[in-house]
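A short write-up of the structure that comes next.
The values are calculated or read from the model by the stated rules, or taken from the named source; none is laboratory data. Please read all numbers here as calculations on a predicted model, not as lab measurements. Every residue, glycine as well, gets a Cβ built from its backbone with ideal geometry; the counts of neighbours run over all protein chains shown.
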Amino acid sequence: MPRFLKEQKKSLIFAGLLFAQLVLISIQVPLGEEPSYLEKAVFFVFAPVQRAVHGLFAGAGRIWDRYIYLRRVEAQNQALRDELFHLRQTNTLLTNALADLQEAKEMEVTLATLQKSFLVAAVIGVDASNIYKSIIIDKGSNHGLTSNMPVVDRNGNLVGRVTTPISLQEATVQLLTDDNSSIGVLSETNKVVGQLSGNARGGKCSFQYVLATNDQLVEGEELLTSGFDKIFPPGLRAGRILSVATDSSLFKRIVVEPHLNFRELGHVAVITQRIDGTR
Amino acid sequence: MKPIIKGGLTILAAFVLTSALRQLSVPLLLCVNVFTVAVILFGLIEGEMQGAVLGMACGLVVDSFSLGIFGLSGLANTVTGFLSGFISRKMNVLPMGRLFVFTGLMGALDLGLWVLLSAVFFSEGFPWGGGILLAQPLVTAALGTIVYLIYRRIKARHER
């Protein structure tokens, strides 16, 4: 090996590592493409570790709660909580989705569909580099999960949607607070339509494309999914308007506080069937 | 123990600790970056090349569980790992006070690089978290110093 290369070996390897990563970053352009095989491989390898840690904590918690603390009551309580969880989801969706339907027959079909359209999943991890971007759940393609399935919390509030990478037992959920998230929403009272985009800097969202001339929005108003994006069913509670401001832009600057609460994100429900019954 | 096994175990330990922290509190992840601590200490103990390689591996693991750009954390961690090893070879950073300052500065460098790369070059949002993120270098310094002191003690006892 030439003397120069020997002397500069460390610097050259360091430069090589940096170059390799720059290549890795550059091949992802345009953004929004499928994750690379390397990214998928790392996810597949490490996701079970995350599941194991979650299982360890959940197991330790269960031992404490069930066997030491409140043996019988805890089990009963858990069953009731699960039932309540399902009932809340169904109730929220039913109330909102059926409000727009006219015919009784249509309502019956929708009702039957909704009964079997939820899959409860435990949250086993969060995005380590930005907690407002995504979470990992313990259900994957083996459970029938595919991209774009909506995810709600125990109160029926919108959490986000299933996105890639999805492994056999785990899946990634893009949170509504992610910068790249965009959801069709409308205001509850005045039915002002727009897009809800995330702002991962502070865990807030912004209600976009509302004209500056529109004076119908007020602080505190609820935002519900509109269903126009064909991903999220209509009527899911997404957030509440925090502030409305107008500047030189054509559109208003509206900050939204999402209902997403990390403290209540132990379990989520994935809506596996669309309102029209298709998967 | 071979460096590659050490590195593998370090990544696994950092990943398990990060997952465990998530179980305790999600916002805690904003100010405690276990991977950065691992990269800084690995560079300090093993040298700049090992630090850079571990930094790259740790960053890619973090990125594979993120919807952000794959390779971004890797880039920041590689530089941090390399500089951690390089600087610690040039000057003595092992006394407790210096170690605290050194790990804190390295933590700030890692965070600064990541914010710069994600926000300035790639227009990605970063989790400001109402300022909690700014506490990350301080927590890295405290955690890094404690872990290194424990490591030194165990090593000394082992050698005796």
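Taking the stated definitions as given, is B:L44 within 16 Å of the chain's Cα centre (by Cα) and more than 11 Å from every other protein chain (Cβ to nearest Cβ)? So B:L44 fits the description; yes.
Quick grid of which residues meet (1) modelled with pLDDT of 75 or more; (2) hydrophobic (A, V, I, L, M, F, W, C); (3) part of a helix (DSSP H, G or I):
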{"residue": "A:F14", "(1), (2), (3)": "yes, yes, yes"}
{"residue": "A:V23", "(1), (2), (3)": "yes, yes, yes"}
{"residue": "A:V45", "(1), (2), (3)": "yes, yes, yes"}
{"residue": "A:H54", "(1), (2), (3)": "yes, no, yes"}
{"residue": "A:D82", "(1), (2), (3)": "yes, no, yes"}
{"residue": "A:M107", "(1), (2), (3)": "no, yes, yes"}
{"residue": "A:L111", "(1), (2), (3)": "no, yes, yes"}
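With respect to the stated conditions, B:M106 is more than 12 Å from chain A (Cβ to nearest Cβ) and buried (at least 16 other Cβ atoms within 10 Å of the Cβ).
The listed residues are B:L67, B:L83, and the only one of them that is over 15 Å from the mean Cα position of the chain (by Cα) and either under 29 Å from A:V23 (Cα atoms) or not basic (K, R) (or both) turns out to be B:L67.
Where strands (runs of 3 or more DSSP E) sit wholly within the range A:202-247, those with at least 2 residues that are exposed (fewer than 14 other Cβ atoms within 10 Å of the Cβ) occupy A:237-245.
Looking only at residues of the range A:187-201 that are β-branched (V, I, T) and part of a loop (DSSP other than H, G, I, E, B), we find that the one that is modelled with the lowest pLDDT is A:T189. Of the set (1) modelled with pLDDT of 80 or more; (2) away from chain B (no Cβ under 14 Å), all apply to A:R72 but (1). Quick check on my filter: what residues within the range B:7-33 are touching a residue at least 40 places away in the same chain (Cβ under 8 Å) and at the interface with another protein chain (Cβ under 10 Å from one of its Cβ atoms)? Correct list: B:I11, B:A14, B:F15, B:P27, B:L30, B:N33.
How many residues are part of a helix (DSSP H, G or I) and in contact with a Leu (Cβ under 7 Å, 6 or more places away or on another chain) when one looks only at the range B:60-82? Qualifying residue count for the region: 9. Can you work out which of the residues in the range A:27-43 that are at the interface with chain B (Cβ under 9 Å from one of its Cβ atoms) and not in a loop (DSSP other than H, G, I, E, B) is modelled with the lowest pLDDT? Of everything passing the filter in the range A:27-43, A:L38 is modelled with the lowest pLDDT.
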